[in-house]
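J.: Structure in structure tokens, see below.
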Amino acid sequence: QVQQEESGGGLVPGGGSLRLSCAASGLTFSTYTMGWFRQAPGKERRFVATISWSGGSTYYADSVKGRFTISRDNAKNTVYLQMNSLSPEDTAVYFCAAARGVLTRTGVEYDYWGQGTQVTVSS
């Protein structure tokens, strides 16, 4: 059974930083593309960042480029999202996801999802 558990969310003032983690089990983590998505209240889920199985390739949504960094530690079966210069517009539930295929920003191409962690940025 595949499980993915996000952690690291919370309340942070505007301009602050948070580091999200997603620990995965039940899958061969090092062979999966990993991604982060977010869903703000009343809005659809949107792509944030993705990283290849080796960590050698990454891709970001324009809205977070230069502020967020995705990384992974295959020895720990964990993917991270370092978020800097946070603004209230970044407030959302953040989900990690695993895909068998190549790097992708399309949610439907991800096979497994975590339950999400809430990030709230105050103004």
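The values are calculated or read from the model by the stated rules, or taken from the named source; none is laboratory data. Computed from a prediction, not measured in an experiment: that's the story for all the values here. Positions of Cβ are backbone-derived with ideal geometry, glycine not excepted, and every protein chain shown enters the neighbour counts. When the accessible area is computed, the model is the full protein with side chains, heavy atoms only, and any ligands, DNA or RNA have been set aside. Shrake-Rupley method; radii C 1.70, N 1.55, O 1.52, S 1.80 Å.
J.: Pick from Ala24, Ala49: which is open to solvent by less than 50 Å² (accessible area, probe 1.4 Å), free of Cβ contacts under 8 Å to residues at least 40 places away in the same chain and part of a strand (DSSP E or B)?
T.: Step by step, each of Ala24, Ala49 is checked, and only Ala49 is open to solvent by less than 50 Å² (accessible area, probe 1.4 Å), free of Cβ contacts under 8 Å to residues at least 40 places away in the same chain and part of a strand (DSSP E or B).
J.: Shifting gears a bit: If a residue must be in contact with a strand residue (DSSP E or B) (Cβ under 6 Å, 6 or more places away or on another chain) and farther than 15 Å from Gly26 by Cα, how many such residues does the range 108-123 contain?
T.: Number satisfying all stated conditions: 9.
J.: A further question follows. Just checking, does the range 3-18 include any residue being part of a strand (DSSP E or B) and on the phi > 0 side of the Ramachandran plot?
T.: Looking through the range 3-18, at least one residue is part of a strand (DSSP E or B) and on the phi > 0 side of the Ramachandran plot.
Results for (1) among the charged types (D, E, K, R); (2) open to solvent by 30 Å² or more (accessible area, probe 1.4 Å); (3) out of contact with any Gly (no Cβ under 8 Å at 6 or more places or on another chain); (4) outside any loop (DSSP other than H, G, I, E, B), shown as yes or no for each residue.
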| site | (1), (2), (3), (4) |
| --- | --- |
| Trp53 | no, yes, yes, no |
| Asp62 | yes, yes, yes, no |
| Ser71 | no, yes, no, yes |
| Lys76 | yes, yes, yes, no |
| Ser85 | no, yes, no, no |
| Val93 | no, yes, no, yes |
| Ala97 | no, no, no, yes |
| Gln115 | no, yes, yes, no |
| Gln118 | no, yes, no, yes |
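J.: Suppose we filter Ala97, Ala61 for residues that are closer than 19 Å to Ser17 by Cβ and of a type in the set (A, V, I, L, M, F, W, C); which single one remains?
T.: Answer to the selection: Ala61.
J.: Next question. Filter the range 28-46 for residues that are among the small types (Gly, Ala, Ser) and open to solvent by 20 Å² or more (accessible area, probe 1.4 Å) and give the result.
T.: Within the range 28-46, Ser30, Ala40, Gly42 qualify.
J.: Among (1) closer than 18 Å to Gln1 by Cα; (2) touching a Pro at 6+ places or on another chain (Cβ under 8 Å), where does Arg100 come up short?
T.: (2)
J.: Given the criterion over 19 Å from Val93 (Cβ atoms) and at pLDDT 95 or above, identify the matching residue among Ser17, Ser21, Ser25.
T.: None of the others qualify; the one that does is Ser25.
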